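The next block holds one structure in the form of structure tokens; read it before the comments.
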């Protein structure tokens, strides 16, 4: 069995893992890359595996960094079923066409500029029709049921506690007389969140792919977040400004509404403050949340049974149309505007930032992860001048961040979840995280749980269990070939691991050929791997 790490490897976005067994090829997630230009441009390239060769896909949840390239995959020839939870299927019915709409809108805007300088127009990654076509391939499965999805492959989806409908994937794969259990965490929730249940405990696996978004950080206490939210609201309104909250449409927006509704019900929030949800996608997602009450955690179920639904506040206003959104730009104070996208890369939030970032009486509040290179990350990191829709905007608004709204498990929660495995994991593959977070997390796992870890690089391919006898290769300088000692399988395994890392680095080298600094760094890393590889054959 082999795993190809084609996304969310040494980066947070673009989750896409292709698994080859003796009899079948399938994929876990197919997400969009977000962040710095060099990362986002990966969305436009051809897939490094033939989409027609993939027999089925398992989708962990609806977030665009996990689902956003599914329409492109289907357009390129993938015809198989897409297995997911029923809520994930329902959310993708609004999220994927919305993603396509944003792409079409942004490309149209950019093409107007390109036409003025006689340049070749751009094409969207996929169209609304492509997104709609892909939805016919979705097949929803119930939590906790085992399904044979291909010869020698059994699947069970478990609740990941990240967003409504999010899944941990359990796979049992037969090859010859061996049966291997592979678990993919998807995104793990940190527990005790509104609406969603806590992540399902998994106790056995041979290999694990685990996210590491917050592998080097701990969140603020959940009990403090509504108090901190109230402080920021009061401070902003006292200064006469607006509170602008870039928020992911699914889960983060609903969590904010939950806390705002509680504060209103307690009489602790001025009823004159207007609360706007300015995102058609967030509005649609909220409606999906409303009619999936059976999946709520017990605390929220009890709340609804007692006549209080946290998503149905009388103080809440929905901005559904473009005209509704444009009218918000004329509001100078006493308003809370929650808008997407959560990383400020597209959508209506960019307009609200353009009209409020330069005003010192306003506040921009971040409540979710900001990937490297995104507009949200640059603002959060303290840039004093940013470009929005081709115009420079000075940053004078107060910038705040409440990490406790993150739907991701922090370092402590990830380690607690990992600690439930009673069987010895052979390897933990650390994915979906920035390099510094992954390294800290890997060291913690190895030191405290004594489990081997691997941090795959983008496009790297790793073999599980089988050992390939490979010859040493010439990377930078000339080397002498040598035979691998057939009796020493530990050395063989170590050599193969180094060899596969070399292949990943060589792919990265090709991608970095126009970035001198990155190119030189990779050359040095390859020289070190060459040294290690040659020593493994000595």
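Obtain the nm distance between the two label points defined at residue 309 and residue 268 by a simple spin-label model: each point lies 7 Å from its Cα along the Cα-to-C-beta direction.
2.5 nm
What value, in deg cm²/dmol to 500, does the helix sum -39500 (n - 2.57) over DSSP H runs of n ≥ 4 give at 222 nm once divided by the residues of the chain?
Here the helix-only value at 222 nm equals -10500 deg cm²/dmol.
Sort 24-34, 109-119 for me by packing, meaning the mean count of neighbouring Cβ atoms within 10 Å per residue, highest on top.
Peptide ranking by packing, descending: 24-34, 109-119.
If you average the C-alpha positions of the stretch 263-298 and of the stretch 21-78 separately, how far apart do those two centres end up, in angstrom?
32 Å
Please give the helix 252-265 orientation as an angle from the longest Cα principal axis of the chain, in degrees from 0 to 90, rounded to the nearest 10.
Taking the Cα atoms of the chain, the angle to 252-265 is about 40 degrees.
Could you work out how far apart the two model spin labels at residue 111 and residue 143 are, taking each label as a point 7 Å from the Cα in the direction of the beta carbon, and quote it in nm?
Computed distance between label sites residue 111 and residue 143 equals 4.3 nm.
Under a plain spin-label model, where a point goes 7 Å from the Cα along Cα-to-Cβ, how far apart in nm are residue 50 and residue 450?
Reported label-point gap for residue 50 and residue 450 is 4.7 nm.
Mind pulling the angle between the C-alpha long axis of helix 489-511 and the longest principal axis of the chain? Nearest 10 degrees, somewhere in 0 to 90.
For helix 489-511, the angle is close to 50 degrees.
Only counting other Cβ atoms within 10 Å, I'd like 303, 237 sorted with the fewest neighbours first.
So the ranking, lowest neighbour count to highest, is 303, 237.
Sorted from fewest to most neighbouring beta carbons within 10 Å, what does the list 123, 391 look like?
Starting with the residue having the fewest Cβ neighbours, the order is 391, 123.
Peptides 268-276, 85-93, 149-157: what's the order by average Cβ count within 10 Å, highest mean first?
Result, highest mean first: 85-93, 149-157, 268-276.
Taking the mean number of other Cβ atoms within 10 Å as a proxy for protection, how do you rank 173-182, 71-80 from highest to lowest?
Ranked by mean Cβ neighbours within 10 Å, highest first: 71-80, 173-182.
Roughly how tilted is helix 280-290, in degrees to the nearest 10 and between 0 and 90, from the longest Cα axis of the chain?
For 280-290 against the chain, the angle is about 90 degrees.
Count the DSSP beta bridges whose two residues both fall in the chain, then state the antiparallel fraction as a percent rounded to the nearest 5.
Counting only bridges with both partners in the chain, antiparallel ones make up about 50 percent.
So if we plug the beta-carbon distance of residue 2 and residue 129 into 1/(1 + (r/R0)^6) with R0 = 41 Å, what FRET efficiency do we get, rounded to 0.05?
0.75
Given 25 °C and 0.890 mPa s, compute D for the stretch 222-405 with the Stokes-Einstein relation, Rh being the Kirkwood radius over Cα pairs; round to the nearest whole µm²/s.
147 µm²/s
Note down the relative contact order for the stretch 276-361 as a percent, whole number, built from C-alpha pairs under 8 angstrom at least six residues apart.
42 percent
Pairs of alpha-carbon atoms within less than 8 angstrom and 6+ residues apart define the contacts here; what relative contact order does the chain have, in percent?
16 percent
Please check which bits of the stretch 382-409 a label hung off residue 38 would reach, taking the label as a point 7 Å along Cα-to-C-beta and the cut-off as backbone N under 17 Å.
None, by backbone N distance to the label point.
Viscosity 0.890 mPa s, temperature 25 °C: what is the translational diffusion coefficient of the stretch 54-130 from Stokes-Einstein with a Kirkwood Rh over Cα pairs, rounded to a whole number of µm²/s?
The Stokes-Einstein estimate is 179 µm²/s.
Work out, step by step, the length gained on full extension between residue 326 and residue 463: first 0.36 nm times the residue separation, then minus their alpha carbon distance; give nm to one decimal.
Contour length minus Cα-Cα distance gives 44.0 nm.
Distance from the Cα centre of the stretch 340-367 to that of the stretch 371-402, in angstrom?
8 Å
Read the figures in this text as sums done on the coordinates, not as results from a lab. Since this is a predicted model, take the numbers as computed values, not measurements. Because the Cβ atoms are built from the backbone with ideal geometry, glycine has one as well, and the counts that use them run over all protein chains shown.
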